[in-house]
Amino acid sequence: MTLGRTGIAGAVAAVVLIWALLGGALLLLLVALNVASVLGGVLWRPFPGDFELTEMGVAVAAFSFLPFAQLTGQNVTADIFTSRAGPRMVALMSTLAAAVATLFAGLLLWRMSLGLLDQRTYGTTTTILQLPIWWAFAPILISLVLLAIASLVSLVEALRAVRG
């Protein structure tokens, strides 16, 4: 459950794993919703607002996977740069990647926070169900906080690898 980590890093890994599993459960729920809507359209009538719920739910789920991908090193990499590099060079590149990930997580967190405030201020809602758009921003911001923390954990681990 802690992805082979102990202490604070282990606690972060456990929370990140649970958050990703919740995102996966949300995707399964959305699949069930879409199956029910398609069957409903064939048998009686489609479920109103299924597209809106799918759109918001997939966005939330996609963001929920980002911290897990960061913490497990499953982000896209260009092996052409590391295939002939030694362990120290790979550790240096991992450190750079973790630092960039931390900066981007902070940038995304800042901008999405402002987006949430704008959506709440203007009262933007979905067309059919009239759900406030900012509702999707709240779990996305949690994902971005976890991404920032996971990026810091991976940065610390990469720095240790450079030193050792």
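The values are calculated or read from the model by the stated rules, or taken from the named source; none is laboratory data. Quick caveat: nothing in here was measured; it's all calculated off a predicted structure. Because the Cβ atoms are built from the backbone with ideal geometry, glycine has one as well, and the counts that use them run over all protein chains shown. Accessible surface is based on the protein model in full, side chains and every heavy atom, while ligands, DNA and RNA are left aside. Shrake-Rupley method; radii C 1.70, N 1.55, O 1.52, S 1.80 Å.
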*Take each of the peptides 150-162, 42-54, 118-130, average the number of other beta-carbon atoms within 10 Å over its residues, and list them starting from the highest.*
150-162, 42-54, 118-130
*Any idea how far apart Thr125 and Thr82 come out in nm if each label point goes 7 Å out from Cα toward Cβ?*
4.8 nm
*Mind pulling the angle between the C-alpha long axis of helix 7-43 and the longest principal axis of the chain? Nearest 10 degrees, somewhere in 0 to 90.*
30 degrees
_Along the Cα→Cβ direction, 7 angstrom out, place labels at Thr54 and Val90. What is the inter-label distance in nm?_
4.1 nm
*Taking the dipole about the Cα centre of segment 1-159, with the C-beta of Lys and Arg at +1 and of Asp and Glu at -1, give me whichever of Ala91, Gly106, Gly40 is farthest to the positive side.*
Ala91
*asked:* Tell me the accessible surface of Arg88 in square angstrom (1.4 angstrom probe, heavy atoms of protein chains only), to the nearest ten.
replied: 140 Å²
_Matching label, Cα Rg over 2.2 N^0.38 Å computed from the structure shown, candidates (i) 1.27; (ii) 1.06; (iii) 0.96_ = (i)
*For the residue pair Val35 and Trp135, what label-to-label distance in nm results when each label sits 7 Å from Cα along the Cα-to-beta-carbon direction?*
2.4 nm
*the chain, accessible surface, carbon-and-sulfur percent (1.4 angstrom probe)*: 73 percent
*So what are the ³J(HN,Hα) numbers for segment 141-150, from phi and the Karplus equation (6.51, -1.76, 1.60; θ = phi - 60°), rounded to whole Hz, Gly and Pro as x?*
5, 4, 4, 6, 5, 5, 5, 4, 5, 4
*asked:* Over the chain, what is the relative contact order in percent, taking alpha-carbon pairs closer than 8 angstrom and at least six residues apart?
replied: 29 percent
*Can you tell me the FRET efficiency between Arg163 and Leu117 if r is taken as the Cβ-Cβ distance and R0 is 41 Å, rounded to the nearest 0.05?*
0.50
*Residues of the chain: accessible area per residue at 1.4 Å, in Å²?*
62 Å²
*Ordering of 58-68, 94-104 by packing [mean C-beta count within 10 Å, highest first]*: 58-68, 94-104
*Provide the solvent-accessible area of Met112, counting protein heavy atoms only and rolling a 1.4 Å probe, rounded to the nearest 10 Å².*
40 Å²
